[in-house]
Structures are given as structure tokens and as C-alpha cells.
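Notes to accompany the following structure.
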Amino acid sequence: MNVIRSGGHLPDHVAFVMDGNRRYAKLEHIRKIDGHSRGFDKLNDCLRWCLDMGVKEVTTFAFSIENFKRSEDEVDDLLNLTREVFTKSLTHDYGVRVRIIGNLSLLPEDLQYLMAQKMLETEKNNSLFLNFAFAYTSRDEITEAIEAILKQEDHVLEEQDINEHLLEQCLYTKLSTPPDLLFRTSGESRISDFLMWQLTYTVLYFAKIFWPATSLWHFLAGIFSYQRASVRLEPFKRKQNTGYEVTRMNSLSLNRVQAFLKQLDIYRAEELSKLRKK
């Protein structure tokens, strides 16, 4: 790891597409759900590696909305495994703050409760932020952001207030920086409707290994790939962070946007508290 640390800039935010659990299970002659269980165990390994490398944030694609199309038995097994994971310790007391990004209304109420409880229990942790994408697709995230604007109370916003910056602030990931590195396993070279808004300047790394078999060396290869590409990307990322959409807004428009976003934050916090009380 010391060689990688000295080899260049390290990513602050790494996103994982944990692909290949079922194919791994078939290869190892075990049940599909056991492949998924080993996948959760591997996530804990990756969190430890990220902490050791100084990564500040991890986003992992755990369950797509598209996964509901799988067989009823497999979906039930996955949801039960998730209940088990959230009932125990998802992060082995690494001081990780857990945030769930996704459409929780699609999940059973008891699982909504467990997820809300985990988010509230860990909200003061700051060793690393773990965004757990569950019942998530990027298309749904953008749709939900648009609906939040359309359903605004008191009609705070005016037409000229609606722009890219506002929409970005309504996404599930509003508290996050864009990922620096996307690490996908199983040899598939696609995004699968994951963080499509956020990946503009993200380095994509596709590993030809099933997720549960991911080793430290595979992880470090992804970090090295990022280091090689990041030098070329930094000028574009700096341009992205200039906040052009914000700076060109007049003070009245900015005040309206800030008032709306404050209302939205309060609403979402109240909804999270309600889930914990169910």
C-alpha cells in the first residue's frame, strides 16, 4: 500500500458495483444467497482497505430496483439477508456513517425501519461515509428529484430558479462529492443505471473477477488505474467545481432556492424519523 500511496493522488470517493455474486456461487457450487452473503462480507473487507488508504467516502450498489424482477424466492432471500446485515453490524464498528440512497418506499416497512435506525445511529460517525444504494436506479433518483421540485409547498421557487444546480441538490447524493473512481467487478463494462448524473469525470475500472473473490491486489489495481488517469482529469474537475450555475444566480433567486432546499431537508429528516417509529 505504501507504494500506491506514494504513487500519486488517492481517490477521496470510491463507488463499487458489487457484481458477480450469483456467478461466483455457481462456480463454487453453493447457493445463490450464500454468494450474496459472501458479497456482503467482501464489502467489509473493502471498507477496511478504503480506510487504510484514506478514502473518505464509499458508495456501493447493493440492490437495484431492477432486482425486483428476479424470482420471488431470490428477492425474499436478498431482503432477508439485508435484514440480517442491518440487524448486526454492517461496518464492524469502523466509525462509518451509513447513508441509504434509494427509494425506500419500495421496501417492506420493517426493512425501512432497520435502515432508518442504522442511519440515525451512525450519523455522528466520521471515519468514512458509506452510501448504501438500495432500491436504487439513477433514473429513479433523477425522477424523484424532479418530483420534489414539482411538489414544492408554498410555491417558493420560480421558473428561473430551476437549473442544473437545483436539481443536483435534490438528488439522494446531495451531501456527497462525485465519485473519483468507479470499481466494477465480474468483467462487465457498463454502468447499469448507477450514479449516471454523478459520473461525468469519474475514472471507470472494470475488474475481471467476481465480487466475492475480490482481493486487496484487485482493489489496489483500481487505485493505480485512477492515479494514472487523474492527472488528465483534474483540470476538468476543477472547472466542474467553479459553481457557475450558482454564481450567475441573482440574490433573490438564490434566496428562494436556499429556502426551498431547507424545506426539503426538513421534510426528508422528518420522513426518516417517522420510519424509525414504525
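The values are calculated or read from the model by the stated rules, or taken from the named source; none is laboratory data. All of these numbers come straight from a predicted model, not from anything done at the bench. Quick reminder, even Gly has a Cβ in these numbers, built from the backbone with ideal geometry, and neighbours come from all protein chains shown. Surface areas here come from the heavy atoms of the whole protein model, side chains and all, with no ligands, DNA or RNA. Shrake-Rupley method; radii C 1.70, N 1.55, O 1.52, S 1.80 Å.
Structure summary
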item: Descending Cα extents along the principal axes, the chain, whole Å; result: 61, 48, 33
item: All lysines inside 17 Å of K277 as judged from Cα atoms, apart from same-chain residues fewer than 8 positions distant; result: K118
item: For the chain: accessible area per residue (Å², 1.4 Å); result: 52 Å²
item: Of S273, Q263, L181, farthest towards positive along the dipole that unit charges on Lys, Arg, Asp, Glu beta carbons give the chain; result: L181
item: Residue-span extension gain [E28 to K124] - 0.36 nm each, minus C-alpha spacing; result: 30.6 nm
item: Span-like helix ranges in the chain, DSSP H, alpha carbon extent 24 angstrom or more, Kyte mean at least 1.6; result: none
item: Gain in span if fully extended, T177 to L233, counting 0.36 nm per residue against the direct Cα distance; result: 18.6 nm
item: Gyration tensor (alpha-carbon) shape descriptor, segment 140-187, a/c threshold 1.5; result: prolate
item: Distance from segment 19-33 to segment 44-100 (C-alpha centre basis), Å; result: 17 Å
item: Alpha-carbon centroids, segment 198-228 and segment 101-172: separation in whole Å; result: 27 Å
item: Carbon plus sulfur fraction of accessible area for the chain, probe 1.4 Å, in percent; result: 51 percent
item: Size of charge dipole - segment 59-171 - debye, nearest 20, with Cβ of Lys, Arg +1 and Asp, Glu -1, no other charges; result: 580 debye
item: For peptides 74-80, 27-33, sequence by mean Cβ density within 10 Å, most packed first; result: 74-80, 27-33
item: Rg and Dmax [Cα atoms of segment 1-123; Å; Rg one decimal, Dmax integer]; result: 15.8, 48
item: Long-range HN-HN contacts of T59 with modeled amide H, under 5 Å; result: V14, A15, F16, N131
item: For segment 58-170: rounded, prolate or oblate by the Cα gyration tensor [a/c cutoff 1.5]; result: oblate
item: Charge-dipole axis of the chain as Lys and Arg at +1 and Asp and Glu at -1 on Cβ define it, positive-most pick from S251, L220, V203; result: L220
item: Ordering of 251-263, 161-173, 144-156 by packing [mean C-beta count within 10 Å, highest first]; result: 161-173, 251-263, 144-156
item: L195 long-range amide H proximity, modeled H, under 5 Å; result: S138
